[in-house]
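Novice: What follows is a structure written as structure tokens; I'll ask about it next.
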Amino acid sequence: YRIITTDQYLSGNIDVPNMSLGKYIINANIPIDLKPLIKLRKLGPSIAYAQDTVTYTILIRNDGNISIDSTIVTDSLDVAMQYVDAGAKRSMLIEHTGSRIIWHVEHVDSLAGDSLWVKVKFADTLKSQRTVTNTVFLTSDKSSQIDTNTTTQVLLPELQSEKQAFLKNIDIGDVETYRIKVTNNTPALTLKNIQVADYIPFGFKYLSGST
């Protein structure tokens, strides 16, 4: 049979009947090794684009045989990330200072867990694509510091422009029409507020254009 204990020792004797040899008395003073077994995971998108707003989830699980207290989770955001919001599955104190978010999880029962989240926006000032590695740390009263991380490849939108002239040769007084074609080659991303600038060379005068 199976038993479970909530104390440090199982104490007492067990009578084991035996038809031919009588009874044996077995000492059941069994020491129990009490320790937490903390698992920490951070989940988020593997690919994002500059200016995207994404949510990362932090999962805590205590598979040990004792609860933990004074549990604190700290997440320091990469310089390419801008803090938007943070929360948790249950109510707890959450501090945000600059690029650092601190969750005061406090108590986590044995064979239980918690779920936290942070929402960030990737900066629109990136000049080239980069891989962002974000690490989160957990400390408690009964465990050493543990950490985990997740990586996101941040891509830049890819636009292509093409300019065509209708006339190959013109004389003074001729009206030339130019057509500018802009193509969004960014996979699965709709771009908005695109601005196109064109400079008219000396000797030409602007007449009209599309809007």
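The values are calculated or read from the model by the stated rules, or taken from the named source; none is laboratory data. If you're wondering where the values come from, they're calculated on a predicted model, not measured in any experiment. Backbone-built Cβ (ideal geometry, glycine too); neighbour counts: all protein chains shown. Ligands, DNA and RNA are excluded from the accessible area calculation, which covers all protein heavy atoms including side chains. Shrake-Rupley method; radii C 1.70, N 1.55, O 1.52, S 1.80 Å.
Novice: Of everything in the stretch 154-176 that's part of a strand (DSSP E or B) and open to solvent by less than 50 Å² (accessible area, probe 1.4 Å), which residue is modelled with the highest pLDDT?
Specialist: Step by step, filter the stretch 154-176, then rank; the result is Val154.
Novice: Let me ask something additional. If you take the residues in the stretch 38-71 that are closer than 12 Å to Ser140 by Cβ, part of a loop (DSSP other than H, G, I, E, B) and not hydroxyl-bearing (Ser, Thr, Tyr), which one is least open to solvent (accessible area, probe 1.4 Å)?
Specialist: Top of the filtered list is Gly64.
Novice: Quickly run through the stretch 72-121 and pick out the residues that are basic (Lys, Arg) and either within 14 Å of the chain's Cα centre (by Cα) or modelled with pLDDT of 95 or more (or both).
Specialist: Arg100, Lys119, Lys121 - these are the residues of the stretch 72-121 that are basic (Lys, Arg) and either within 14 Å of the chain's Cα centre (by Cα) or modelled with pLDDT of 95 or more (or both).
Novice: Inspect the stretch 113-127 for any residue being exposed (fewer than 11 other Cβ atoms within 10 Å of the Cβ) and among the basic types (Lys, Arg) and give the result as yes or no.
Specialist: Yes - at least one qualifying residue is present in the stretch 113-127.
Novice: Somewhere in the stretch 117-135, is a residue touching a residue at least 24 places away in the same chain (Cβ under 8 Å) and more than 29 Å from Pro187 (Cα to Cα)?
Specialist: no
Novice: Mind telling me which of the residues Thr135, Thr151, Thr97 ends up being closer than 17 Å to Tyr56 by Cβ, out of contact with any helix residue (DSSP H, G or I) (no Cβ under 9 Å at 6 or more places or on another chain) and open to solvent by 50 Å² or more (accessible area, probe 1.4 Å)?
Specialist: After ruling out the rest, the residue left standing is Thr151.
Novice: Report every pair of residues separated by at least 6 positions or lying on different chains whose Cβ atoms are under 6 Å apart, first residue within the stretch 186-211 and of a type outside the set (Asp, Glu), second open to solvent by 100 Å² or more (accessible area, probe 1.4 Å).
Specialist: Thr186/Glu158; Ile200/Tyr206
Novice: Does the stretch 181-202 contain at least one residue that is modelled with pLDDT under 85 and part of a strand (DSSP E or B)?
Specialist: Yes, the stretch 181-202 has at least one match.
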